[in-house]
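Trainee: Once you've had a glance at the structure underneath, I'll fire off some questions.
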Amino acid sequence: QEQLMESGGGSVQPGGSLRLSCAAPGYIGTTYCLAWFRQAPGKEREGVAAIETDGTSTYADSVKGRFTISQDNINLYLEIHSVEYEDTAMYYCAIYSFKAGFIPRPQAIPYWGLGTQVTVSS
């Protein structure tokens, strides 16, 4: 379907905020679910947040209370607050078509965006 396109990444100081976006007009409003993953250099890709068709959201323990996943008619969003050094990573939006009740494993994701870089530095 339509290409996934992330935006909103950049450099931010500790404690700051960012809002990442992923244009996904062909997927939002369908039976597909959406999620955010991230991958730091030398690390494995990890799930950050997921949102299913009924609006239920799930977060990794490391970001609970700081990140919020949401969507409108064309975009998936990730609001990042109280950013920490450990949040530095390439952030990817992802699409899947099953109900998990948790953030899926990266191996289960069929569609990925190309990513947007978030760098936390003082």
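Readers should treat all values here as calculations from the given coordinates under stated rules, not as data from a laboratory. None of the values given here were measured: they were computed from a predicted structure. We place every Cβ from the backbone using ideal geometry, glycine too, and count neighbours over all the protein chains shown.
Trainee: Which Cys residues of the chain have no other Cys beta carbon under 4.7 Å away?
Mentor: Lacking a cysteine Cβ partner under 4.7 Å: Cys33.
Trainee: Picking from Thr88, Ala24, Gly10, whose Cα lies most toward the positive end of the charge dipole for the chain (charges on Cβ: Lys, Arg +1; Asp, Glu -1)?
Mentor: Final value for the positive-end residue is Thr88.
Trainee: Roughly what percent of Cα-Cα pairs across the chain reach past 22 Å?
Mentor: 25 percent
Trainee: Can you compute the FRET efficiency between Thr56 and Ser82 using 1/(1 + (r/R0)^6), with r the Cβ-Cβ distance and R0 = 30 Å? Round to the nearest 0.05.
Mentor: Details: r = 23 Å, r/R0 = 0.78.
That gives a FRET efficiency of 0.80.
Trainee: What nm distance separates the two modelled labels at Ser7 and Thr31, each placed 7 Å from Cα along Cα→Cβ?
Mentor: The two pseudo-label positions are separated by 3.1 nm.
Trainee: To continue, here is another question. Measure out, as a whole number of angstrom, how far apart the alpha-carbon centroids of the range 1-36 and the range 51-122 sit.
Mentor: Answer, in whole Å: 8.
Trainee: Please sort by residue number the trypsin sites (Lys or Arg not before Pro) in the range 1-69 whose DSSP state is loop and whose Cβ has at most 10 other Cβ atoms within 10 Å.
Mentor: Numbers: sites: Arg19, Arg38, Lys43, Arg45, Lys64, Arg66; in loops: Lys43, Arg45, Lys64, Arg66.
Sites meeting the loop and neighbour criteria: Lys43, Lys64.
Trainee: Which whole-number percentage describes the relative contact order of the chain, with Cα contacts under 8 Å and a sequence gap of 6 or more?
Mentor: For the chain, the relative contact order is 36 percent.
Trainee: Over the Cα atoms of the range 1-61, each weighted equally, I'd like the Debye log10 I(q)/I(0) at q = 0.21, 0.25 Å⁻¹, rounded to two decimals.
Mentor: -1.08, -1.27
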